[in-house]
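Heads up, the thing below is written out as structure tokens.
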């Protein structure tokens, strides 16, 4: 085994750029020797320090923190650093576990959405849902995307991941009655039930539900069909229609793959 290694060898061995090695030297973290030609020579002590630097940088320690540790290295300081590393690793593991759970939920949600039946009107019993919202007149998809982002920025502390967030919008019923679709007056996010700060609540109860695939211009016809069905069944409508986006441009660039569910609050049962 060699006693000294040149900068190119160390760079390759540790996968650290030559510029970074020179930067560490300028900081005084490592102090390579020089041969008679002025070339840097790194010994085993330098290699140990580079291992420490690499490991601590992966845990987001600053170079100032690393230098302070290496300058005052002792058993006590090493134990303190190891405990700090252990805590940081535990925090990273917890974040990874949360991320894994979010990915599992998203996979399950998308797979279930792909299996959804479209065009069938169902009466579902749904739990209470708390929501945050922003009111804005929307007539174009680009406006919808902007309002969603605006709502997200306002409430990002309440949202784990925008990809997993259930998003919805209230349609303009005046436009729907005229057969005009894809016109909205507000956008909302359905929050986790443990959230205590929200703007409004969908009460628990019965909702008429119907899914459609494809572009949003068909929502007016879908709602008109649902309202005609409810009238025929003597089911009382108790609220305006709204959409929930099960598959949208967060998941696919193909509009024909979009899946949207229309929901309308209704009375608990059909009247005889």
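The values are calculated or read from the model by the stated rules, or taken from the named source; none is laboratory data. Bear in mind the structure is a predicted one, so any value in this text is a computation, not a measurement. So basically every Cβ, Gly included, is an ideal-geometry build from the backbone, and we count neighbours across all protein chains shown.
Any idea which residue in segment 120-147 is modelled with the lowest pLDDT, counting only those that are closer than 28 Å to residue 224 by Cβ and in contact with a helix residue (DSSP H, G or I) (Cβ under 8 Å, 6 or more places away or on another chain)?
141
Which of the residues spanning segment 164-181 are more than 30 Å from residue 103 (Cα to Cα) and out of contact with any strand residue (DSSP E or B) (no Cβ under 7 Å at 6 or more places or on another chain)?
Scanning segment 164-181 gives 173, 174, 175, 176, 177, 178, 179, 180, 181.
Return the total of residues in segment 28-43 being touching a helix residue (DSSP H, G or I) at 6+ places or on another chain (Cβ under 8 Å) and either surrounded by 14 or more Cβ atoms within 10 Å (Cβ to Cβ) or farther than 24 Å from residue 65 by Cβ (or both). Give the derivation first.
Of all residues in segment 28-43, those touching a helix residue (DSSP H, G or I) at 6+ places or on another chain (Cβ under 8 Å) come to 28-32, 39-40, 42.
Then drop every residue that is not either surrounded by 14 or more Cβ atoms within 10 Å (Cβ to Cβ) or farther than 24 Å from residue 65 by Cβ (or both), which leaves 29-30, 32, 39-40, 42.
Final tally of qualifying residues: 6.
What are the residues in segment 206-219 that are surrounded by 14 or more Cβ atoms within 10 Å (Cβ to Cβ), over 16 Å from residue 116 (Cβ atoms) and modelled with pLDDT under 95, if any? Show your work before the answer.
Restricting attention to segment 206-219, the residues satisfying the condition of being surrounded by 14 or more Cβ atoms within 10 Å (Cβ to Cβ) are 206-216, 218-219.
Still in the running and over 16 Å from residue 116 (Cβ atoms): 206, 215-216.
Within segment 206-219, 215, 216 meet the criteria.
Any residue in segment 49-61 that is outside any helix (DSSP H, G or I), at pLDDT below 85, assigned by TED's automatic domain parsing to the domain that holds residue 23 and touching a helix residue (DSSP H, G or I) at 6+ places or on another chain (Cβ under 9 Å)?
Taking segment 49-61 first, the residues outside any helix (DSSP H, G or I) are 59-61.
Remaining after also requiring at pLDDT below 85: 59-60.
Still in the list and also assigned by TED's automatic domain parsing to the domain that holds residue 23: 59-60.
Narrowing the set further to residues that are touching a helix residue (DSSP H, G or I) at 6+ places or on another chain (Cβ under 9 Å) leaves 59-60.
For segment 49-61, residues outside any helix (DSSP H, G or I), at pLDDT below 85, assigned by TED's automatic domain parsing to the domain that holds residue 23 and touching a helix residue (DSSP H, G or I) at 6+ places or on another chain (Cβ under 9 Å): present.
Without any contact (Cβ under 8 Å) to a residue 12 or more places away in the chain, surrounded by 10 or more Cβ atoms within 10 Å (Cβ to Cβ) and assigned to a helix (DSSP H, G or I): which single residue out of 10, 107, 98, 66 fits that description?
Numbers: 10 fails: without any contact (Cβ under 8 Å) to a residue 12 or more places away in the chain; 98 fails: without any contact (Cβ under 8 Å) to a residue 12 or more places away in the chain; 66 fails: without any contact (Cβ under 8 Å) to a residue 12 or more places away in the chain.
Going through 10, 107, 98, 66 in turn, just one is without any contact (Cβ under 8 Å) to a residue 12 or more places away in the chain, surrounded by 10 or more Cβ atoms within 10 Å (Cβ to Cβ) and assigned to a helix (DSSP H, G or I): 107.
Residues to consider are 154, 149; find the one that is under 23 Å from residue 128 (Cβ atoms) and surrounded by fewer than 19 Cβ atoms within 10 Å (Cβ to Cβ).
Values: 149 fails: under 23 Å from residue 128 (Cβ atoms).
Exactly one of 154, 149 is under 23 Å from residue 128 (Cβ atoms) and surrounded by fewer than 19 Cβ atoms within 10 Å (Cβ to Cβ), namely 154.
Tally up the residues in segment 44-58 that are over 18 Å from residue 17 (Cβ atoms) and either in contact (Cβ under 8 Å) with a residue 40 or more places away in the chain or surrounded by 14 or more Cβ atoms within 10 Å (Cβ to Cβ) (or both), please. Walk me through how you get there before you give the answer.
Step one: of segment 44-58, the residues over 18 Å from residue 17 (Cβ atoms) are 44-45, 48.
Still in the running and either in contact (Cβ under 8 Å) with a residue 40 or more places away in the chain or surrounded by 14 or more Cβ atoms within 10 Å (Cβ to Cβ) (or both): 44.
Result for segment 44-58: 1.
Please give the number of the condition residue 46 fails out of (1) under 41 Å from the mean Cα position of the chain (by Cα); (2) in a helix (DSSP H, G or I); (3) farther than 30 Å from residue 160 by Cβ; (4) modelled with pLDDT of 85 or more.
Single failed check for residue 46: (1).
Has segment 226-239 got any residue that is within 27 Å of the chain's Cα centre (by Cα) and more than 17 Å from residue 172 (Cα to Cα)?
From segment 226-239, those within 27 Å of the chain's Cα centre (by Cα) are none; that's our starting set.
No, there is no match, as no residue in segment 226-239 is within 27 Å of the chain's Cα centre (by Cα) and more than 17 Å from residue 172 (Cα to Cα).
Please verify whether segment 158-173 includes one or more residues that are farther than 16 Å from residue 243 by Cβ, under 18 Å from the mean Cα position of the chain (by Cα) and buried (at least 16 other Cβ atoms within 10 Å of the Cβ).
Going residue by residue through segment 158-173, those that are farther than 16 Å from residue 243 by Cβ are 158-164.
Next cut, under 18 Å from the mean Cα position of the chain (by Cα) only: 158-164.
Narrowing the set further to residues that are buried (at least 16 other Cβ atoms within 10 Å of the Cβ) leaves 158-159.
Checking segment 158-173: at least one residue is farther than 16 Å from residue 243 by Cβ, under 18 Å from the mean Cα position of the chain (by Cα) and buried (at least 16 other Cβ atoms within 10 Å of the Cβ).
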